[in-house]
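To keep things clear, I will list the structure first and then write my remarks on it.
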Amino acid sequence: MRKVTRTAPAKINLGLDVTGTRPDGYHLLETVFQAVSIADTVTVELTDTPDIALTCDVAGVPCSPKNIAWKAAQRYLDAAGLTDGVQIHIEKRIPMEAGMGGGSTDGAAVLLALQELTGNALSMDKLAEIAVSLGADVPFFLYGGTAYAAGIGEKLEKLPAFSTDCMVIAKGTAGVSTAQAYGAIDALQNPQHPPVQELRQALRNGATAEEIAPLCGNLFELAVDLDEVAAIRKSMLEHDALCSVMTGSGAAVFGVFRDEGAARAAAQAAKRRWKQVYVAQPDRGGARVSR
């Protein structure tokens, strides 16, 4: 087999906190990830020409070594000592600059596709090492589902599935630079940290969506402080969301709802103001073969 196509799901952060900084400048995180049904499609092909080529169906996506998917391919080839080339094509459906891990999940999909194409040329430990080097979200996307992560994303704990099928995710026109978001975090004075450890334990105990909702929160929401994020949150809460929280470093916002009817009503209201609105469900796995 010389070509593999994988579904690469997005994520939300049910809880996200920044707990400190390492001596090398990397920020230490505590988060609960949840993969969701919004997804890119990533096709990876091994070629005889020793080059990496990347294409995408959406303008604005860097098709260059700046892209995490490109970096993933290069680091995989280097680690495995392979001289093949790699052709990558991304069908982009995950909103950009949204805090939903679009670039990271594409990178994880490339790593997993190359594992399949090469007959597992690398150990999972080595694959995880490459994933950490690519970014804090990438290790999670090797597995997906619901998970707690700490450190710089390398410490992962699988959690029981989040018990809801009713979420709405919306993003306005504002985008957030990850570097700027971390700068804003560093400038916070005496911030109120979200209860990520309580959230982690509640999921371990099989808590319901109603019990989980009050524990969801994101320190970046306080740091970034975007009017558009506040407006989306307000709209969802007015339409009976159990909670509404910005994901990642922004600027997408998710809402958790009791049932599909409430979720769809909230989505319809959001669509009157914002273009990127989705009714989504939890995704139970990671990047997987789609065809």
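The table below gives the values:
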item	result
Local net charge near residue 224, Cβ-Cβ under 14 Å (Lys/Arg +1, Asp/Glu -1)	-4
Cα Rg, Dmax (largest Cα-Cα span) when computed across the chain, Å	18.6, 56
Relative contact order (%) - criterion: Cα under 8 Å, at least six apart; region: the chain	25 percent
Most mobile of 84, 24, 227 in a GNM of the chain (Cα contacts under 10 Å)	24
Amide hydrogen neighbours beyond the local backbone of residue 176, cut-off 5 Å, H modeled	251
Computed FRET value (nearest 0.05) for residue 205 with residue 230, which takes r as the C-beta separation and R₀ as 41 Å	0.85
Reachable lysines from residue 275, criterion Cα separation under 18 angstrom, eight or more residues apart if same chain	92, 171, 234
Estimated 222 nm signal from helices in the chain, with DSSP H stretches of n ≥ 4 weighted -39500 (n - 2.57), rounded to 500	-9500 deg cm²/dmol
Percent accessible area from carbon and sulfur atoms, segment 145-291, protein chains only, probe 1.4 Å	47 percent
Average accessible surface area per residue within segment 169-282, 1.4 Å rolling probe, Å²	49 Å²
Given charges at Cβ of Lys, Arg, Asp, Glu: segment 40-137 dipole, positive-most of 77, 64, 53	64
Length-normalised contact order of segment 1-131 in % [C-alpha pairs under 8 Å, at least 6 apart]	29 percent
Largest-first ordering by accessible area, 1.4 Å probe, given options 27, 89	89, 27
Summed side-chain charge close to residue 88 - residues other than residue 88 whose Cβ falls under 15 Å, Lys, Arg +1, Asp, Glu -1	-1
Relative contact order computed over segment 111-234 (Cα-Cα under 8 Å; 6+ residues apart), in percent	20 percent
Top of 236, 167, 124 by mean-square fluctuation, Gaussian network on the chain, Cα under 10 Å	124
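The values are calculated or read from the model by the stated rules, or taken from the named source; none is laboratory data. These numbers were taken from a predicted model, which means no experiment stands behind them. Here the Cβ is made from the backbone with ideal geometry for all residues, glycine too, and neighbour counts use every protein chain on show. What goes into the accessible areas is simple: the full protein's heavy atoms, side chains included, and nothing from ligands, DNA or RNA. Shrake-Rupley method; radii C 1.70, N 1.55, O 1.52, S 1.80 Å.
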